[in-house]
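What follows is one structure encoded as C-alpha cells, with my remarks underneath.
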Amino acid sequence: MLRTFAILAIAALAGAPSANAEDLEVNDTGNFVPSARLSFDIAPREGPSVTAGPSVPHTGHGIEIGFSGASVDDKQNIGVGDSPIVFGGRAFAAPAELRHEFDWRFLEIAYRYRHFFGSGKFGIEGMGGLGFAELDLTTTSAGLSASDKLSNGGLLAAFGIVWKFLPSTSLQSRITLFRSGSTEGVTGAARLDVHVAHALGRHAAVRAGLVGWGISSLRSDDDDASSLNSPLRVGFSGLSLGLDVAF
C-alpha cells in the first residue's frame with residue numbers, strides 16, 4: 001500500500017509520458033531501506049517533553065538533516081509491438097526481458113515545526129527545505145547493457161502525524177514530496193513512511209517500520225523532441241530501520 005501511494009503521488013508530479021518510447025518501469029517490494037536523521041532545536045522546547053530530552057518528539061521549531069538509500073533490482077518485459085526502451089544512449093528493442101538494478105540515495109535538509117495538542121500525546125509536523133536525489137541505474141538484456149547516474153537537487157515539502165502512545169515511544173507517519181524543476185535526472189520523488197520510534201536517551205532514538213518510494217525521471221531533451229529518452233518510473237517499498245540523533 002505504501003509503494004502504491006508513493007507511485008500515485010509521483011505520477012501526479014511526473015507529467016505526461018513520452019510518445020515515442022516505452023516507459024522504463026521498476027516495481028519492487030521487500031527491500032531494506034536504512035535511514036538516519038540529525039536534528040537541532042532552534043527554539044526552546046515546549047510541553048511535557050521538555051524534561052525528556054530532544055529525542056522525544058515535542059512542540060517546537062527545528063532543523064532536520066536526513067539521509068536514506070536502498071539497492072533495488074527488478075525485471076521488465078516488453079512485448080511484440082511495444083516501442084523500444086531508450087536508456088543510457090541505447091535502445092532496447094521489443095520483445096525483450098530487461099533487468100534493472102539501481103542504488104538510490106536521498107539527502108534532505110529542512111526546517112521542521114511540530115505542534116502537540118492537549119496532553120501532548122498527539123501532534124502534527126510540517127517541513128520545507130531542500131533535497132538531493134541520486135539514482136545509479138544499470139539496465140541489461142541479452143547482449144546489451146546501459147548505465148546512467150541520474151541526480152538533481154530541488155525543493156522538498158513534508159507533512160507528518162505523531163502519536164506518543166508511551167512516554168518514550170511514538171507512532172510516526174510522514175509523506176515527503178520532492179521536485180527538481182528539471183526535465184532530466186531525477187525530476188520528482190515521493191516517500192510515505194510509517195515508523196515506531198523509541199528514544200534510547202536524551203539525544204538518540206531508533207525507528208523501525210515500513211517505507212514506500214515513488215521516483216520519476218522525464219528524461220527529455222528540450223533541444224530535440226525526436227531524441228526523447230524513455231520516461232523512468234520507479235516504485236519500491238520495504239522494511240525501514242533508522243537512527244535519529246537530536247540536540
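Odds and ends about this structure:
- You will find that of I85, I78, I63, the residue that is more than 22 Å from W213 (Cα to Cα), surrounded by 14 or more Cβ atoms within 10 Å (Cβ to Cβ) and touching a Lys or Arg at 6+ places or on another chain (Cβ under 9 Å) is I63 and no other.
- Evaluation of S230 against (1) buried (at least 23 other Cβ atoms within 10 Å of the Cβ); (2) at pLDDT below 95; (3) in a strand (DSSP E or B) (one fails), failing number: (3)
This table checks each residue for (1) surrounded by fewer than 23 Cβ atoms within 10 Å (Cβ to Cβ); (2) under 22 Å from S71 (Cα atoms).
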site	(1), (2)
K164	no, no
T169	yes, no
G181	yes, no
E184	yes, yes
A197	yes, no
A205	no, no
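- Residue list for region 100-113, restricted to those being charged (D, E, K, R) and loosely packed, with under 15 Cβ neighbours inside 10 Å: D103, R105
- Residue within region 135-155 that is crowded, with 21+ Cβ neighbours inside 10 Å, in contact with a Pro (Cβ under 9 Å, 6 or more places away or on another chain) and touching a residue at least 12 places away in the same chain (Cβ under 8 Å) present: no
- Hey, L98 within 30 Å of V80 (Cα to Cα) and touching a Phe, Trp or Tyr at 6+ places or on another chain (Cβ under 7 Å) or not: yes
- A Cβ distance below 7 Å, combined with a sequence gap of six or more or placement on separate chains, defines the contacts here; from region 229-247, residues that are closer than 30 Å to H61 by Cβ reach residues that are of a type in the set (S, T, Y) and crowded, with 23+ Cβ neighbours inside 10 Å in the pairs D244/S55; A246/S55.
- Flag for A94 being assigned to a strand (DSSP E or B), at pLDDT below 95 and on the phi < 0 side of the Ramachandran plot: no
- Close pairs from region 54-67: first in contact (Cβ under 8 Å) with a residue 40 or more places away in the chain and within 20 Å of L156 (Cβ to Cβ), partner crowded, with 22+ Cβ neighbours inside 10 Å and of a type in the set (S, T, N, Q), Cβ under 8 Å, at least 6 apart: P57/S49; P57/S170
- Residue in region 214-227 that is part of a strand (DSSP E or B) and among the charged types (D, E, K, R) present: no
- Pair list, Cβ under 6 Å, 6 or more apart: region 108-120 residue touching a residue at least 12 places away in the same chain (Cβ under 8 Å), other residue among the polar types (S, T, N, Q): R114/T59; H115/T59; F116/T59
The values are calculated or read from the model by the stated rules, or taken from the named source; none is laboratory data. Just so we're clear, the structure is a prediction, and the values are computed from it rather than from any experiment. Here the Cβ is made from the backbone with ideal geometry for all residues, glycine too, and neighbour counts use every protein chain on show.
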